[in-house]
Amino acid sequence: MGKNRNKKHHKYALPLPGTSPGIIYIDENALVPKITLHSYDATTYQVEILGSLIELAAKSSVPDKSYWVDIKGFKSVELFETLSEQWKINKLVLEDVTRTYQRPKYEEYGDYDFAISRMLYLDDERNLENEQLSFILTKNILFTFQDTYEDCLDPIRQRLEIGKGNIRIGGSSYLMYALMDMIVDEYFAILSIWSEELDTIEDRLLEKPDKSIMYDTQMIKRHLITVRRVTWPERDKMNDMLRTDSPFITDATKGYIRDAYDHCIQIIDVVESLKEISASNIDMYLSIISNRMNEIMKVLTIISSIFIPLTFIAGIYGMNFSREDPVTGKIMPQNMPELYQEHGYEYTLMVMAIIAVIQIVYFWRKGWFK
């Protein structure tokens, strides 16, 4: 994980202060829209690529069918003008669709409901990606909006194609629930990966701690904050959908939404647990490093304590104050009488060795070498 620490995250273009609300934002790097129409009922399922939303009115006229309009890419003013004029979508909603930094939420607008989810997934380098998926729900049509071509919704398409369960007979509100539930389930998968990585980091801590442990743990902790910031409003959104009287969300669908709401609560609990483990790993690493530093300082202190008296003795006899003047032969009684002592060098070394041994024995009895 350490090699991904310096990855730059996408910066969202924020509106200037005082900008009029309801302005649709088209980024200069926006992708050309890809519009896919999924038409289905209990017995049939059909997929069609649309050139524009103008074609949708004619192709979604069968009242007994449900339709999913999957829109990827926002580089088309005509696309949003059609939504505003033909489908009467409020421009405040379209602004939230194109400003892809919104928090998860659910709103009712009479003729349709509007919701936002945050899709989290890990890329090939195990970096966390955070993308917005917007929903507009009408009686039998569900619009979804993504600003990228990243395909995270394929499991739902496969369920539609197979046709098992309630996916084809539950209506558009059930399809919206299924997409939201898939997004929430992906949170579980990501947290499971990070849980295993934290266990591995803990093993590395006990075996051979190094700097990468702290960096890797801090990166996971940072990602956990992102998941927490997404999951809390996601839970509130599910709660709003449970309490709504909107005619577009059936009572049967609300039973499933309640299950997704419980999943959000479980995710919040898991995130808090993993955050505590992350903090514990960082504290343990710092404690191990501190103990290691203490051991090093202890060894240096022992060495210094042994050599301080020896250095003192060597310093005294290094002053070379001779007892006899080498020129005049005058005796200087206050100077070193040992300077010309026979075997003085050996005696001094012997005294220094005895002092060192005494100190080592003393430190050993005090337990400094344990």
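The values are calculated or read from the model by the stated rules, or taken from the named source; none is laboratory data. No experiment lies behind these values; they were computed from the predicted model shown. Cβ sites come from the backbone with ideal geometry, for glycine too, and all protein chains shown count toward neighbours.
Observations
Table: residues versus (1) within 29 Å of the chain's Cα centre (by Cα); (2) at pLDDT 90 or above.
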{"site": "GLU78", "(1), (2)": "no, yes"}
{"site": "LEU120", "(1), (2)": "yes, yes"}
{"site": "GLU131", "(1), (2)": "yes, yes"}
{"site": "PHE135", "(1), (2)": "yes, yes"}
{"site": "GLU150", "(1), (2)": "yes, no"}
{"site": "LEU160", "(1), (2)": "no, yes"}
{"site": "ILE169", "(1), (2)": "no, yes"}
{"site": "SER173", "(1), (2)": "no, yes"}
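- Close pairs (9 angstrom Cβ cut-off, 6 or more residues apart or separate chains): free of Cβ contacts under 8 Å to residues at least 60 places away in the same chain in segment 277-289, among the acidic types (Asp, Glu) and assigned to a helix (DSSP H, G or I) anywhere: SER280/GLU202
- Of the strands (runs of 3 or more DSSP E) contained entirely in segment 93-177, those carrying at least 2 residues that are aliphatic (A, V, I, L, M) and touching a Phe, Trp or Tyr at 6+ places or on another chain (Cβ under 9 Å) fall at 113-122, 128-137, 141-146.
- Pairs are defined by a Cβ separation below 9 Å, a sequence spacing of at least 6 or placement on different chains, a first member in segment 235-251 that is under 16 Å from ASP181 (Cα atoms), and a second member that is among the basic types (Lys, Arg); the pairs so defined are ASP236/LYS105; LYS237/ARG103; LYS237/LYS105; MET238/ARG258; ASP240/LYS105; MET241/LYS254; LEU242/LYS254; LEU242/ARG258.
- Sole exception among (1) of a type in the set (A, V, I, L, M); (2) surrounded by fewer than 17 Cβ atoms within 10 Å (Cβ to Cβ); (3) under 15 Å from ILE24 (Cβ atoms) for LEU122, by number: (3)
- Any hit, segment 62-75, residues being over 25 Å from LEU153 (Cα atoms), more than 31 Å from the chain's Cα centre (by Cα) and of a type in the set (Ser, Thr, Tyr): no
- Yes/no for GLU186 being under 21 Å from the mean Cα position of the chain (by Cα) and not in a helix (DSSP H, G or I): no
- Screening ILE156, ILE116, ILE162 for residues that are within 21 Å of SER39 (Cβ to Cβ) and buried (at least 19 other Cβ atoms within 10 Å of the Cβ) leaves exactly one candidate, ILE156.
- For segment 23-49, taking the residues that are under 37 Å from the mean Cα position of the chain (by Cα) and β-branched (Val, Ile, Thr), the one that is farthest from THR82 (Cα to Cα) is identified as VAL47.
- Check on GLY170, of a type outside the set (D, E, K, R), under 21 Å from ASP251 (Cα atoms), surrounded by fewer than 19 Cβ atoms within 10 Å (Cβ to Cβ) and touching a residue at least 24 places away in the same chain (Cβ under 8 Å): yes
- Just one of the numbered conditions (1) touching a Gly at 6+ places or on another chain (Cβ under 9 Å); (2) under 17 Å from VAL230 (Cβ atoms) is not true of LYS139: (2).
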